[in-house]
Each structure stands twice: as C-alpha cells, then as structure tokens.
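Visitor: There's a structure below that I have some questions on.
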Amino acid sequence: MHPATPTTADAPVGRTHRTPLSRRRLVRGVLAVALAAPLMFGAAACGDDEAADPNAPVKLAVFWWGGDARAKLTEDVLALYTRKHPNVTFEKTWQANQGYFDKLATLTAGGNPPDLFQIDDNFLAEYAARNTTLDLTSYQSSGKLDTAKFPKSLWQYGVVDGKLAGLAAGENTQGLVYNKTLLTRHGLPEPTTGMSWEEHIAWAEQVARTTKVPGTQDPSADYKAFWVWLRQQGKDLYNGKELGFTAEDVTRWFELWKGARDRKATPTADVIHEGNSTDITKQLVATGKAATSWVWANQMPEIKKNTKDELGVVAYPGDPSAQWARASMYWSVFRGSRHKDVAVDVINFMVNDPEAVKLLGTDRGLPSNLDLRTVVSEGATDPAMKQSIAVETELAQKFGESPQVPIKGHSKVRAELIKAAENAQYGRATPAQAASQFVDACKSAIV
Amino acid sequence: MVSVTTTARAAGPGRRRPRSRSALRLLVLLAILAVVLYPLIWMLGTALKSQEEIVSNVGLLPERFTPGNFTAGWSHFDVSFGRFFLNSALVSLLTVVGNAVSCLLAAYAFARLRFPLRGAWFAVMIGTLLLPGHVLIVPQYILFRSVGLVGAEWPYLPLLVPQFLATEAFFVFLMVQFMRGIPRELDEAAKIDGASAYGIFRYVILPLSRPALVTTAIFSFIWTWNDFFRQLVFLSDLQDYTVPVALTLFIDSTSQSAVGPMFAMSVLSLLPVFGFFVAFQRMLVEGINTSGLKG
Amino acid sequence: MALTTAPDPTRGGTGSVRPRATRRRTGRIRYGDGLAGYVFLSPWLAGLLAVTAIPMLVSLYLSFTNYDILTPFSEVRWVGLANYERMFTADPSYWHAVRVTLTFALIAVPLKLAAALGVALLLNRAWRGVGLFRGLFYLPSLLGGSVALAIVWVNMFNRDGAVNSLLSLFGIEGRPWVNDPDWALETLMVLAIWQFGAPMVIFLAGLKQVPTELYEAAAVDGAGRWRKFRNVTLPMLSPVIFFNLVLETINGFQGFTAAFVLSNGTGGPVDSTLMYTLNLYITGFTDLEMGYASAMAWVFLIAIALITVIFFSTGRFWVHYADGEGR
C-alpha cells in the first residue's frame, strides 16, 4: 500500500550558488555550452519575418490529436483556408491522444514545435506558464481574433495569468450518461438534471436492487465530478496558485461515496477501477457493468457506438449552475512561430467562418460561436448526436461562471485523486486517511 | 523435459528413439502451447466481433462473425494500411542490415582482438544498455535536429542512422557471447596459415557467427516492427507512419474507438513478423556442427 | 575479458576499470590487433560519440537541474543535488516503485528464463514441424506492447475473464486479478513470463553451437542423459545462459511496456504496478519534471551497473568460454 506520508516540498530555490564549487561550475559550464549549441541553431531559425509581404508563401505546421474522422474534417477545413489564401499551406500532423503530449513536449524542447496546436485544459496552464503559447489578447482586442459571438465564460476559460493562452475549439460540459433501455425495461424513473447527490445515490440504489446492475459508477476518483461537487459547496478545485478545498472537503466527498458503496448503489472496487479509465470503451454504461457513467456530455454519441442500448444524458447531480462552458480543447499558437499572424487568422477562420464551422461540425464539441452553433445543431442527423446537442444547449442556459484554468501540476493532482479514492474504494484507507493523503500529495504537486 | 531432449540429441541421426517418448514430448508441447496461445486465439476471435460485441461479449468466439473488420481496418485511413506495412517493412529490414553489420564488427573486436582500453570500452558499451530510454529521447531529438537528421528529406533517417552505428548494445553483447563460444583453436590454425585479424574475421568468425546473426536479425526485425515511442516522436506525416503508430490511430480513447478494425489490423500485423521468424529460424536449425568448418 | 566494472567513471559511474594485462600474446599480434581492434570498433565508436554519449551526458547534466522539457536549456536552473535528495528523502512514490520493481524482477526473471530454457530444450532437435512450433511459442512475444495486447490481457484476467472460468472448473473462486491491487503485479509477471520468446530463441541458437562430438564423446564415456545435460549442455550453454540472465535482469528492472499498457499508463490500481521506469516516465513526461526523472534514471543506471558487476564477477565461477579466456 502506498504510505500516506506527506511528500514534503523540497525548495531548491535560492540554494543555487550557495558555495563556489569551482569544479562543479566548470563541468556545468562546459555542458551548458555543449547543450546551448544545438539550441542556438534552433533559435537562429526562429527569426521573425512577420513584416514581409502578406502574399509571400507561408507554410504552417499544425498538430492535433483525435481519430480519423477529426483528421478528415480538419484537413478539409485547412484545404478550404488554402483555397481562400493560396499563399498559405499546411504541414499537418495528427495522431491519437496516446503519446500526443509526449511528442508535443519533445518537439517544443527541440525548438521545432508546430505553429498551431491543439491542447486541453490539463496542459494549457503548463504550457502558458512556461511562455510556450502566444498571448492572444492583443489579437482579441484588435478584432483579428473575434470572440464577440462566444459565450464569455467559454473564451475566459482560456485565460491563464491574464493572458489568453488558447482559444476554445469547442464547448462541452459534464454529463451523466445512463442506460435508458435498462431503466425502461424495469419501469424505473430516469435521472433528471437538478437531482441532489443524495437523491442520485438513492436512485442508484433502487436501480441496483431492481435490475441487479449497480446504479451508478462511483466517481470519487473523477476530478471533474469532484470539481462540480466542490463548486456546489462554494469551493473550487483551485484558488489562484492554491488548492480551493481542504482535507475536510475531500473527506466528506469520499464519505459520500463510501456510503453509496455500502448501500451497493455502485459496483465493487475492481469494477470502479475499470471505469476510472478515461477510455470510452471502458465506460461502465457501455460495458453494462453500471447503469450510469460520469463523462463529458459530448462523448455520449461515441459511447452509443459501443452498446445496443438506448442512452440518455443529464447534468451531474446538484445545482447545474456549478457546471460551466468548458473548452473541450483549445487551439494555441507557439510563441516563437514565424507566422503568428497567419496562425491566429487560421484559428479565427476555424471558429468563426460559417463554411469552416459547418464542415467541422461538433467533432471538437459544440461550436464556440453561438450564431453558428445554432446552424450546426440544426444540421445534425445522428440521433445520439442530436440528443447530446439538445441537452448541452439546454444546460448552457444554466451555466455558471467558468472556474480558472487548472494550474501547473494538475495532471499530478488528477492522478493523486485517483490513487487516494481507490485506496478508499479498496478499503485500504478510511475516507479521512485517503483525504489527507490526497491533500498532502497535491500540496507538493502544485508548488 | 530436459532428459528427453538430450537423449534425442545424443541419439543423433540414428533415430532410435522409442515412439512413446516422442509422443509424450508432443503431448507436453501441445499442452503448454494451448495455454500460451489461448490469449492469441481470443484476439483473433475479437477481431471478428462487431464493435458492440467487443465491449459486451468477452467470450472466445463472436456470436456473429464480422470479417468486415479486416476490410474496414485496411482502408480506415486516407492512407491504406498496406502503406504502413511497407513503411514498417522498410524500416525493419534496414534496421536488420544495419544491426547485423555494425554490431558484428564491434563484437569481433570485443571478443577476439586485443587493443588498448578494450575493457573500458566494453564497460561503456554495457553501460549504454542500462539508462532508461525515456530520459534520452528529448536530448536525442534536440541533437538529431541540430545535425539535420530531423526534418531531412527522408523521414526515417533518425530511426536508421543509429542502427548502422551499432548503438544497440544488446546485439553487440549478444554476438560477443556467441563468438566466445567459438573455439580459439580455429583462430590459431588460421593464424598459422598466415591469416590476419581481417582474415580470421572473414574466414573463421563470420561463417561461424550465423546463429548469432540470425538471432540478431530476428530480434532487430521484430523489435523495430513493434517499436512505438521512437517512431511516434520522429515521424510526423500520415504517409510515413509505421504499423505500431498507425495501430494507435484507431483508438483515441476520449473521442473515438474503432476497436474491431484495430484488432483486425493487429492480427494482420503479426503475420509478417511470424513469417520472418519461421523463415529465419530455419537457419538456427543448422548449427555450426553441420557447416563442415570444424577442424 | 577484463570486465569487472561499472560504466566509465567519467560518466559518473562508481566502478573502476581494470583492463587486465594481456596474457600469452606475442607482441607481434598485439600490435596488429590494436589497429584492427579500432578499425572493427569504429562504427560503434562513432555511434557512441554521435548518438549515445551526448544524450547520456545531457541527461546526467539535467539530473542536477529543474529541467521541465518546455523550458529551453538556456533558462534551466542548476539545483545541485536537490533531485537526488528528494528521491532519497522526500518521495514515498519513488521507494514504492523501487519495491514494486524489485518484487517483479526477482520473481518474473527466473521464471521467464526457466520457461524459455525448458521450451528451448524441447524444441531443440530438428523434427518435422519444429519450426512451426518455435514460431507458435514465439508468437506472444511478437505482440510487443500493443493496444490490442492490453485489451486481451485485461479480458483474460478480469473478474469474468478466461482465467476465472478455468479456475471455476476446479471449484476455485477467482479474483479480479488485473483490477485487484493485491494481484495486479502478479498478472504483470505472468504477462512477462508469457512473452518468453526472446530468451528462448537465444537458448535455441546457443544449443546449436554445442558441438555434437561432445555428446558422442560423453556417450562413449557411458554418460547418461542427466550427466550429458549436466556435463555437456550446461557448461557449453553457460555463456548464453549468462547473457540471458544479464539481459533479462536488465529488462526485468526496466520493464516498462507491460506496466504502461496494462495500467493505461497510470501504474494502477493504487500504484500496484508502478514500475520504476513507469514512474520515471510519468515524472518526466506527464508531470514535466524531466530533471528529476533524469536523476532517477542515473540512480537506476548505477544500481543496475552494480548488479551487472556482481553477475560478471560471479561469472568466472560458472561460465565456460570456448575461447579459453576465463574471467
């Protein structure tokens, strides 16, 4: 078992040149020179030739993750841009999310990052904090990047430390996806938006008793469920550079779900662990191991492809105004790009051009531009897609303010929450022990 | 198990083994094989299931056969999967050549020649095996980019150049161990006949190193065929992607899940490596004792 | 061969290099060998200098910094031994990963080698169809660490998986092996052992090198099967056994792919499969603490080097080389 000892923060700051160790410095100097050499090649290549002729040929490197459907749509839109601006062509790279951020980081380190790349809220702050992303604020104020038709909270969810680090490529929000067929077959009520957490658990218990299928996945390891719950308690995941919650909050959260497990409203720990994966095919509502999964609302159509049963989607329990217009992913521009203006214009094109937005559809979430969102929504044909759009549109009326973008260290916080919650789920720790383990680990993760 | 084999071996070409013993051996082999192969058969079964069934039916056989996964997987992307196979074959075969040649030369030096600092270099060579590769990939990328390997006309350069410079210490070490099993009397005899270090390499060591070379070829091919991380980092164009990279494209765990086609292509991707293995292992069968070179 | 050493001390290793004085070589040959040695070694030396050594040295340097991949080298801050201090004093995950890795390697490596040697002996003789059998036994290793493998393995070792169906035939109630923190690591070991193809092939190749005459001679001396195995096969195979032992130990400690694939890159459930290199990867690429990850890598290198030195120094007692050089 993992010891619950706190990982004390080591603060190397300020120790740097404590003693004049000449030999170490010498080694360091030699190495630094050796390392700087390739770097300077990289830097030399990064000269800014922005001022040049606007019709000069420009080649932009674009990098995104996704499936082949997204690849096709994106390539079509980029081709459309080239048709309108024949001097601009694209070097397109796409892959699945596995390894995407490893590669993006490696390219960045190599001085060879793409001009334009897709990023999510997990890493946006990491990249923005290190000045890898271009601050889009000036483009926004000059209107070159038009966010007039965006929900304000949506573009604000791309602001890190006062800089617009990424522009929402689409919108999504938390959604509970449940097995409609199962409930109908047993004459059980469907969950509704606005149910309290207690009501949800009681409902899940009833489902479990009647259908022998656990009513809901235990989401205590899921940061997005925890986050919504925190916001309903008047807390938040982060508050500036600090945690927005205390060990007591976490204890209550873990105890809430321990209660649910004890009442058999949720599956056993091993099945919960399976469902804790972010993988769509492992969602318990698809594998039939629970009646409800905690996902993003726009994932519903893809989950549907993995099951014969009809699915429904509602908001997470509690007051839905705790949910917000979340950027499902962003487009960001590399700060050292040679063609910043063009790159920003391509983003603007992808989110605001009617033709482009229609082509892209809802693949990256609901279109950010509200006028175009209506058009695209009306054009949807897949029934699951229509349903998910309808729910998201309805929820959008109730959204509250966006929280701040998750801070540096968020990946670790997510991983630590899973670890702590699973410790409680497997009965290896009490909710209080798991909570203090989690909070301690978080504190050292976000320093 | 052990005794059975040695008997068989000692019996040599006479073939006087009792029938019951070879039947027993076959039985043992088949029993082990059943256990070993079960997961693979399951994999084949899954390749024939529909998307819904993969998630809901964990049994061995599909309820409804869906061979369409194979055709769907083959033409799933803008680029046909055949292209990925060709790319992988190209990279793997060139890696085989590079490793076989460069590692054999280095191994001969370590195993047979005496030169200053040999022990130290050998230690360094073993040392390069020990550092976990994940901390090397970023510096290596920076280095390769600064010397123009990344972004070169031909995208496979950063994957292949190291292979021609014996950087896979595993194979050097492997060949050293094999060469040390070759009796030194053969070298001495050649030396008496006036052979130089190069002559000994050419006429004694090279012909006798076949098992080591074949082993190297097999592993180079298979490991390159399966290598994901380096190929992911260094390749950027769909056209250039290799099989392991392409296989991950089927599943973007947050947005897309073409599990059936992925399984079908995974099964297909085993065939070339399996064929390569069966073809090359034949050469293992004929050991040095049949090569007629023993003095 | 004079190797009883850790990596070159100039690269931070702790061992010492003791090139043993050459024995029974005449000056004439030694001179010729010296030149020829470097000629044959030149591709490897070029590779070392151009491909391997620089990144290794860079990673050593980075282990004393707060490098996070995204920050350019020029802005990296030197933190002295802080990363190493943190590892040894303030990071329980690190020690947890060390324990997991040791457990894994100590159990999985010997079993894998035993399986590989056993099957290699069964498949050594040439008979009709042996090639196919060899191929079939190698087949699991061909899968490497693919996505498909992860799905297969999880489904074999799940609560409702094939393993439990088999057990229930004998009235044994199974467990959710792969999703059970008490058994997930064992599941991983089974996976490693299942992929015994590589050492098996090396054993097969080694067995082919055993000269038939030795068996014939032993038969003349009236040796039985066991004595032939004991006195001919084992000693003649010992360089290859030695190689497999060293390499599989290194592989066992580095075991990344299986843990990564089976746990979806998390090391879960509850860190039960958090192998050393997986922890290092997460630290470097997900948490973006590449400086710290580099420090982990160098501690790893030193630890494995020590183990390798122990292997090499015991090798002289049991490894038999036909080239007449002891260790």
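No lab work stands behind these numbers, since they all come straight from the coordinates. Here the structure is a predicted model, which means the values were calculated and not measured. Neighbour counts are summed over all protein chains in view; Cβ atoms, including those assigned to glycine, are modelled from backbone coordinates with ideal geometry.
Visitor: Please list C:186-195, B:201-210 highest first by mean number of surrounding beta-carbon atoms within 10 Å per residue.
Guide: Most protected by this proxy first, the peptides run C:186-195, B:201-210.
Visitor: When you look at the Cβ of every residue in B:39-45, what mean number of other chain Cβ atoms sits within 10 Å?
Guide: What the average comes to for B:39-45 is 5.
Visitor: Figure the gain on full extension for A:Leu256 and A:Glu378 (residue separation times 0.36 nm, minus the Cα-Cα span) and round it to one decimal in nm.
Guide: Here the segment from A:Leu256 to A:Glu378 would lengthen by 39.9 nm.
Visitor: Using 7 Å Cα-to-Cβ label points, what is the B:Val79/C:Leu35 separation (nm, one decimal)?
Guide: Here the answer is 4.8 nm between the modelled labels.
Visitor: Take the cross-link list A:Lys235/A:Lys398; C:Lys208/C:Lys228; A:Lys92/A:Lys419 and give me the ones stretching past 26 Å between alpha-carbons.
Guide: A:Lys92/A:Lys419
Visitor: Direction-averaged shadow area of the convex hull around the Cα atoms of chain A, nm²?
Guide: The orientation-averaged projected area of the Cα hull of chain A comes to 23.5 nm².
Visitor: Still on this model: Which FRET efficiency value, to the nearest 0.05, is calculated for C:Arg225 and B:Arg202 with the Förster distance at 35 angstrom and r the Cβ-Cβ distance?
Guide: 0.35
Visitor: In debye, nearest 20: dipole of the protein assembly as shown around its Cα centre with unit charges on the Cβ of K, R (+) and D, E (-)?
Guide: 4960 debye
Visitor: Greater than 18 Å separation of Cα atoms is the criterion. Which listed pairs, A:Lys163/A:Lys443; A:Lys282/A:Lys308; A:Lys308/B:Lys49; A:Lys163/A:Lys224; A:Lys358/A:Lys386, meet it?
Guide: Result: A:Lys163/A:Lys443; A:Lys163/A:Lys224 exceed 18 Å.
Visitor: How many angstrom separate the Cα center of segment B:218-271 from the Cα center of segment A:117-132?
Guide: 27 Å
Visitor: Partner chain Cβ atoms within 10 Å, averaged over the residues of B:208-215 - can you pull that number for me?
Guide: Mean number of neighbouring Cβ atoms from other chains: 4.
Visitor: Express in nm, to one decimal, how much length is gained between A:Gln206 and A:Lys358 on full extension, taking 0.36 nm for each residue of separation and deducting their alpha carbon distance.
Guide: Full-extension gain reported as 50.4 nm.
Visitor: Further question on the same structure: Give me a comma-separated list of calculated 3J(HN,Hα) values for segment C:87-95, in order, Karplus coefficients 6.51, -1.76, 1.60 applied at θ = phi - 60°, integers in Hz, x for any Gly or Pro.
Guide: Coupling constants for segment C:87-95: 4, 8, 10, 10, 10, x, 4, 4, 5 Hz.
Visitor: Counting only DSSP beta bridges with both residues in the protein assembly as shown, what percent are antiparallel, rounded to the nearest 5?
Guide: 75 percent
Visitor: First measure r as the distance between the Cβ atoms of C:Glu213 and C:Trp127, then evaluate 1/(1 + (r/R0)^6) with R0 = 30 Å and state the FRET efficiency to the nearest 0.05.
Guide: That pair, C:Glu213 with C:Trp127, gives E of 0.90.
Visitor: Something else about it: Zone of B:Leu90 (label point 7 Å along Cα→Cβ, backbone N under 18 Å): which residues in segment B:143-164?
Guide: B:149-164
Visitor: Pick out, from C:Tyr67, C:Phe133, C:Leu106, the residue whose Cα sits farthest towards the positive end of the charge dipole of chain C, with +1 on the Cβ of Lys and Arg and -1 on the Cβ of Asp and Glu.
Guide: Highest projection toward the positive end goes to C:Phe133.
Visitor: In addition: Can you grab the distance from the C-alpha centre of segment C:157-200 to the C-alpha centre of segment B:148-181, Å, no decimals?
Guide: Spelled out, the Cα-based centre of one part sits 36 Å from the other.
Visitor: Further question: Inside 10 Å of the C-beta atoms of C:115-122, what's the mean count of C-beta atoms belonging to other chains?
Guide: Taking the mean over all residues of the peptide, I get 4.
Visitor: Which whole-Hz couplings ³J(HN,Hα) result when phi for each residue of segment C:107-112 is put into the Karplus expression 6.51 cos²θ - 1.76 cosθ + 1.60, θ = phi - 60°, listed in order with x for Gly and Pro?
Guide: Whole-Hz 3J(HN,Hα) from phi for segment C:107-112: 8, 6, 5, x, 5, 5.
Visitor: Could you check the simple spin-label distance between A:Thr137 and A:Lys72, using points 7 Å along Cα→Cβ, in nm with one decimal?
Guide: Result for the modelled spin labels: 4.2 nm.
Visitor: Still on this structure, please answer the following. Peptides C:198-206, A:187-195, A:128-136: what's the order by average Cβ count within 10 Å, highest mean first?
Guide: Ranked from most to least packed, the peptides come out as C:198-206, A:128-136, A:187-195.
Visitor: Could you order the peptides A:358-371, C:123-136 from most to least packed, using the average number of other C-beta atoms within 10 Å per residue?
Guide: The packing order, highest mean first, is A:358-371, C:123-136.
Visitor: Label-point separation (nm) for B:Val35 and C:Ala53, each offset 7 Å from Cα along Cα-to-Cβ?
Guide: Result for the modelled spin labels: 4.8 nm.
Visitor: Oh, and also: Fewest Cβ neighbours within 10 Å first, please rank A:Ser444, C:Ser141, B:Ser266, C:Ser294 accordingly.
Guide: Lowest count first: A:Ser444, C:Ser141, B:Ser266, C:Ser294.
Visitor: Add -39500 (n - 2.57) for each DSSP H run of 4 or more in the protein assembly as shown, then divide by its residues: what number comes out at 222 nm, to the nearest 500 deg cm²/dmol?
Guide: So the helix-based figure for the protein assembly as shown works out to -17500 deg cm²/dmol.
Visitor: Here's a follow-up. Mind checking which of C:Asn66, C:Asn231, C:Asn244 has the largest fluctuation in a GNM of chain C, springs on alpha carbons under 10 Å?
Guide: Sorting by GNM fluctuation, first place goes to C:Asn231.
Visitor: Please report, to two decimal places, log10 I(q)/I(0) for the protein assembly as shown at q = 0.05, 0.07, 0.08 Å⁻¹ as given by the Debye formula with identical point scatterers on the Cα atoms and no solvent.
Guide: After summing over all Cα pairs, the log10 values are -0.34, -0.66, -0.86.
Visitor: Follow-up question, since we're still on this one. Using modelled backbone amide H atoms (1.01 Å from N, in-plane), which distant-in-sequence or interchain residues come within less than 5 Å of A:Gly175's amide H?
Guide: Amide H neighbours of A:Gly175: A:Val295, A:Trp296, A:Ala297.
Visitor: Residues in segment A:185-220, backbone N under 12 Å from the label point at A:Asp319 (7 Å along the Cα-to-beta-carbon vector): list them, ranges by number please.
Guide: none
Visitor: Just the C-alpha atoms of segment C:79-196: what Rg/Rh do they give, with Rh taken as the Kirkwood radius?
Guide: Ratio of gyration radius to Kirkwood radius for segment C:79-196: 1.11.
Visitor: Quick one: give the max-minus-min coordinate of the C-alpha atoms of segment A:251-337 along each principal axis, largest first, in Å.
Guide: For segment A:251-337, the Cα extents along the three principal axes come out at 55, 37, 25 Å.
Visitor: Another one. Suppose R0 equals 56 Å. What FRET efficiency, 1/(1 + (r/R0)^6) with r the Cβ-Cβ distance, do A:Lys84 and A:Lys308 give to the nearest 0.05?
Guide: Efficiency for this residue pair is about 0.80.
Visitor: Could you tell me how far the Cα centroid of segment C:242-276 sits from the Cα centroid of segment B:42-75, in Å?
Guide: 30 Å
Visitor: Here is a further query. Given A:Ala445, A:Gln232, A:Gly259, which one lies farthest toward the positive end of the charge dipole of the protein assembly as shown, if we put +1 on the Cβ of every Lys and Arg and -1 on the Cβ of every Asp and Glu?
Guide: Value: A:Ala445.
Visitor: So for chain A, taking the charge dipole from beta-carbon charges (+1 Lys/Arg, -1 Asp/Glu), which of A:Leu136, A:Thr430, A:Asn352 sits furthest toward the positive end?
Guide: A:Thr430
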